[in-house]
Amino acid sequence: MSETTTYRASDPRLSAATKAATLIEALPWMQRFAGETIVIKYGGNAMIDDDLRRAFAQDVVFLRHVGVNPVVVHGGGPQINAMLETLGVESVFRGGYRVTTEETMDVVRMVLTGQVGRELIGLINSHGPYAVGLSGEDAALLRAARQRAEVDGEEIDLGLVGEVTGVNPQGVEDLLAAGRIPVISTVAPEFDQQGRPTGQVLNVNADIAAAAVASALGAAKLIMLTDVEGLYADWPDRDSLISSISASELRAMLPELASGMIPKMTAALHAVDAGVSRAAVVDGREPHSMLLEIVTAEGVGTEVHPDRGAAAGETAGGGV
């Protein structure tokens with residue numbers, strides 16, 4: 001840089017130049033994702049810290065204004081735990097999944113659709129009339145069946161926990177066509193093996209649901225917010241963070257992961273196996289991490305890509 005364009009650290013032009021450089025770096029990613037759908041799983045600390053919640057809402061609205069179609073799928077673990085504690089009901093987890101009784105299911109349904117979803121919709125709509133709430137029950141969006149899990153070689157009963165067996169994306173597509181931002185809470189009606197509704201509602205893991213929605217919508221990318229920086233090759237060695245991993249490499253690692261990471265990385269794997277170009281797990285404790293994953297070349301967190309490898313011109317981060 002020549003003497004005439006060198007700025008002192010205190011010069012406000014330095015900040016302006018940095019901002020301009022960031023916008024220029026973001027341009028190809030904005031062009032790449034314009035008109036595309038990106039599904040974002042909203043969860044973890046980003047849901048309970050006020051500053052992070054506001055930053056997330058800003059990011060979602062920003063994506064919408066640069067021509068991306070964001071779809072938000074949310075859980076509500078911290079809020080569900082808090083409500084269960086208030087009611088004197090113990091929270092039980094096995095294999096990384098919440099064991100859900102009839103009593104717990106009533107709380108899950110109330111918190112997800114009546115509290116978490118409404119709060120997020122309000123934050124987004126403080127920037128304009130964009131967000132519309134849905135649950136997996138609305139317009140037959142999700143179909144689910146009882147899920148079983150295996151812990152230490154033993155099959156366990158998770159109660160009213162469901163795995164997604166079908167997605168009807170029409171309602172979401174209608175909202176996107178109208179310029180809205182769908183915000184989806186993850187409870188779903190149960191269907192039996194003959195495809196008939198049982199009348200029961202199931203608690204569906206938000207990571208797995210987000211992957212299913214992303215696949216059904218033909219999303220260009222799935223992003224899942226969590227409370228760690230990403231996937232580590234040798235936890236707790238923080239220097240072993242994996243920035244990019246293939247589906248086959250992840251599949252081999254999956255049985256050895258900590259139980260809390262299994263649903264997230266399983267969801268990422270399912271999404272990529274089902275045709276989603278990229279799935280990323282990013283640290284929701286950092287403001288704007290979701291946006292950085294999309295619009296910067298380096299990206300953040302861990303990105304899962306198909307086994308065929310990156311095609312010419314593809315990189316990590318924005319995942320062109």
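The table below lists the values:
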item: Answer from Gly136, Gly128, Gly75 - the residue that is buried (at least 16 other Cβ atoms within 10 Å of the Cβ), modelled with pLDDT of 95 or more and of a type in the set (Gly, Ala, Ser); result: Gly136
item: From Gln170, Gln193, Gln200, residue being polar (S, T, N, Q) and under 22 Å from Phe93 (Cα atoms); result: Gln200
item: Boolean, Leu142 is surrounded by fewer than 23 Cβ atoms within 10 Å (Cβ to Cβ) and within 19 Å of Lys264 (Cβ to Cβ); result: no
item: Every residue from segment 235-292 that is surrounded by fewer than 16 Cβ atoms within 10 Å (Cβ to Cβ), in contact (Cβ under 8 Å) with a residue 24 or more places away in the chain and in a helix (DSSP H, G or I); result: Ser248
item: Residue ID - modelled with the lowest pLDDT, chosen from residues in segment 293-310 that are surrounded by fewer than 21 Cβ atoms within 10 Å (Cβ to Cβ) and either of a type outside the set (S, T, N, Q) or assigned to a helix (DSSP H, G or I) (or both); result: Ala310
item: Residues of segment 14-36 classified as in contact with a strand residue (DSSP E or B) (Cβ under 7 Å, 6 or more places away or on another chain) and part of a helix (DSSP H, G or I), total; result: 0
item: Identity of the residue in segment 79-121, farther than 24 Å from Glu190 by Cβ and touching a strand residue (DSSP E or B) at 6+ places or on another chain (Cβ under 8 Å), that ends up surrounded by the most Cβ atoms within 10 Å (Cβ to Cβ); result: Leu120
item: Of all residues making up segment 94-149, the number that are without any contact (Cβ under 8 Å) to a residue 40 or more places away in the chain and on the phi < 0 side of the Ramachandran plot; result: 13
item: Wholly enclosed helices (runs of 4 or more DSSP H) of segment 37-120 bearing at least 3 residues more than 17 Å from Met290 (Cβ to Cβ) and of a type in the set (A, V, I, L, M, F, W, C); result: 77-86, 102-111
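The values are calculated or read from the model by the stated rules, or taken from the named source; none is laboratory data. Since we're looking at a predicted model, the values are computed, not measured. Virtual Cβ from ideal backbone geometry, glycine too; neighbours counted across all protein chains shown.
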